[in-house]
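The structure appears right after this line, and notes come after that.
The values are calculated or read from the model by the stated rules, or taken from the named source; none is laboratory data. None of the values given here were measured: they were computed from a predicted structure. With ideal geometry, Cβ positions are generated from the backbone for all residues, glycine too; neighbour counts draw on all protein chains shown. Please note that ligands, DNA and RNA were not included when accessible areas were found on the heavy atoms of the full protein model with its side chains. Shrake-Rupley method; radii C 1.70, N 1.55, O 1.52, S 1.80 Å.
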Amino acid sequence: MDPAQPTPGDAMPRAAECLRAARKVVVFTGAGASAESGIPTFRDDSGLWREFPPELFATWRGLLHIGASRPETLARFLIAVLDPVARAVPNPGHRAIAELEAHKPVTVITQNIDGLHQDAGSTTVHEIHGTLLEIVGRQGRFIRVLSRQDLQNIVTQLQQIVEGRIVAIRLLRAIRPLAGAGLGGWHRPNVVLFEDRMAEPAWTNAEAAARDCDCFLSVGTSGSVYPAAILPDTARSNGAAVITVGPDAPGGELHLQGPAGLLLPRLLRLAFPA
Ligand code: NAD
């Protein structure tokens, strides 16, 4: 073995050194960053797409079709998506990312729609796929914030109606705080589904941050959702070191293999000892 080649065991100290030396850090997160908060990822073995395939459930057109033809299935899908987010609190990984701001200028770019980075205390968060916790109308006009309690109330109503005979009209009533149409036009959660454009100005800001950082920490993402997945390459081609964190086998040059909630606090302690 070439002693000049770092072994996988070197990844943690090298990642810590990279963070310590950084001028500007970007933390890029995907569904895995919230897995330890009880929010399932979509693509893993027990992921949501197994039961609710994205061809049907990841576009507005598909959701409208399911709602009209199989309201009970739509209700079950909404419970599966909303309930974990309604109950979630930040995990040690989210908190370590927020703590990093005490040491470096940090921009968080997240594909997640769960608001947990803000709850953990991160101050600059670009939600490139939007957020479940905001309701918008035509052309993305902001209407109101939705709290986790609001989500929980919707889930409770949905649970009651899946237990009885489900009819579309009861479903429409239960989800009215989340989505619907009325005299003022229609409203919906501010999330980006397949076929939608990226959330703005979050996406433009995210691309700029990726170009401008020198340490890019990618946490809990499979890198299979585009255009989000180009951001690590954007950072790398502008000279940044890219650190990846997640349970998958090493893909990148500096990979910390394991759960983010365990590894991120450890990385922070090593980079910035008390
Ligand atoms: P993904 O489901 O494609 O991949 C998740 C990745 O996280 C996998 O590589 C998995 O190995 C890894 N992972 C699992 N547990 C982990 C842990 N404890 N620590 C670190 N990594 C872990 O997710 P994606 O790449 O984010 O793409 C899915 C899309 O679905 C995104 O666009 C996102 O908007 C959306 N989504 C959001 C949420 C959320 O808001 N919390 C949850 C599911 C999906």
Per-residue [θ]222 nm for the chain (sum of -39500 (n - 2.57) over DSSP H runs n ≥ 4, rounded to 500): -11500 deg cm²/dmol
Dipole of the chain [Lys/Arg +1, Asp/Glu -1 at C-beta], most positive-end residue of VAL81, HIS94, LEU19: VAL81
Peptide ranges 64-73, 264-273, 206-215 listed from the most packed, as the mean C-beta count within 10 angstrom indicates: 206-215, 264-273, 64-73
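Tell me, in nm to one decimal, what length is gained between SER224 and ARG266 on full extension, where the rule is 0.36 nm per residue of separation less the Cα-Cα distance? Before the final figure, lay out the partial values.
On the way: separation 42, 0.36 × 42 = 15.12 nm, distance 2.70 nm.
Once the chain is fully extended between SER224 and ARG266, it gains 12.4 nm.
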Added length on full extension, which subtracts the Cα-Cα distance from 0.36 nm per residue, ALA168 to HIS103: 18.2 nm
Cβ-derived FRET efficiency at R0 35 Å, ASP44 paired with GLU195, nearest 0.05: 0.90
Accessible surface of region 75-210, 1.4 Å probe, proportion on carbon and sulfur as whole %: 52
Cα-centred dipole magnitude for region 140-219, charges only on beta-carbon of K, R (+1) and D, E (-1), debye, nearest 20: 620
Probe 1.4 Å - accessible area at LEU256, Å² to nearest ten: 10
